[in-house]
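Worksheet for the structure shown next.
The values are calculated or read from the model by the stated rules, or taken from the named source; none is laboratory data. This structure is a prediction, so every number in the text was calculated from the model and none was measured. Counting neighbours? That spans all protein chains shown, and the Cβs are built from the backbone with ideal geometry, glycine included.
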Amino acid sequence: MLTRGKLATQTGCNIETIRYYETIGLIPAPARTASGYRSYGDEHLRRLNFIQRARSLGFSSEQTRGLLDLTEAGGNKTRADVKSLTEAHIDEISQKIKDLQKIKKRLRQISSFCDGSAKSASTCPILESLFDDN
């Protein structure tokens, strides 16, 4: 059995993040020892590692919850359900990439307006373009 601190050390997850995951129900509440300390088991460790890997792939907390729900025994959950959730996430990422590429293009454009000199920042074309309605 592990304390929250040891669980954090073994997973590299912040203690406050573990507390947050418990609060939102991604990690079940641990048992308590006779002295009142939280006691985490192997399943908590396994689940926290799952959550961290999902989050590192950009899955939101709710998407991660959906993936975890698919791991529960019983029911009629299929690999098609897992694939569908994953492909929906890929589509979201693709859209974010497109949006970021547009932002990058616009930033390069407005950056080219500025000569980078020691002149007053208040007259910088970059800042002026941010005020511009066009």
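The table below gives the values:
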| item | result |
| --- | --- |
| Hey, Ser56 small (Gly, Ala, Ser), at pLDDT 95 or above and under 30 Å from Ile126 (Cα atoms) or not | no |
| Residue that is surrounded by the fewest Cβ atoms within 10 Å (Cβ to Cβ) [pool: residues in the stretch 27-71 that are of a type in the set (A, V, I, L, M), free of Cβ contacts under 8 Å to residues at least 40 places away in the same chain and closer than 23 Å to Leu2 by Cα] | Ala34 |
| Hey, Ala29 aliphatic (A, V, I, L, M), over 12 Å from the mean Cα position of the chain (by Cα) and closer than 30 Å to Ile93 by Cα or not | no |
| Any chance Leu127 is of a type in the set (A, V, I, L, M, F, W, C) and touching a residue at least 12 places away in the same chain (Cβ under 8 Å) | no |
| So Ser61, is it hydroxyl-bearing (Ser, Thr, Tyr) and over 20 Å from the mean Cα position of the chain (by Cα) | no |
| Cβ pairs under 8 Å, 6+ apart, first in the stretch 72-91 and part of a loop (DSSP other than H, G, I, E, B), second of a type in the set (D, E, K, R) and surrounded by 10 or more Cβ atoms within 10 Å (Cβ to Cβ) | Lys77/Asp69 |
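Residues checked against (1) part of a helix (DSSP H, G or I); (2) modelled with pLDDT of 95 or more:
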| site | (1), (2) |
| --- | --- |
| Leu7 | yes, yes |
| Cys13 | no, yes |
| Thr17 | yes, yes |
| Tyr21 | yes, yes |
| Ile27 | no, yes |
| Gly36 | no, no |
| His44 | yes, yes |
| Arg47 | yes, yes |
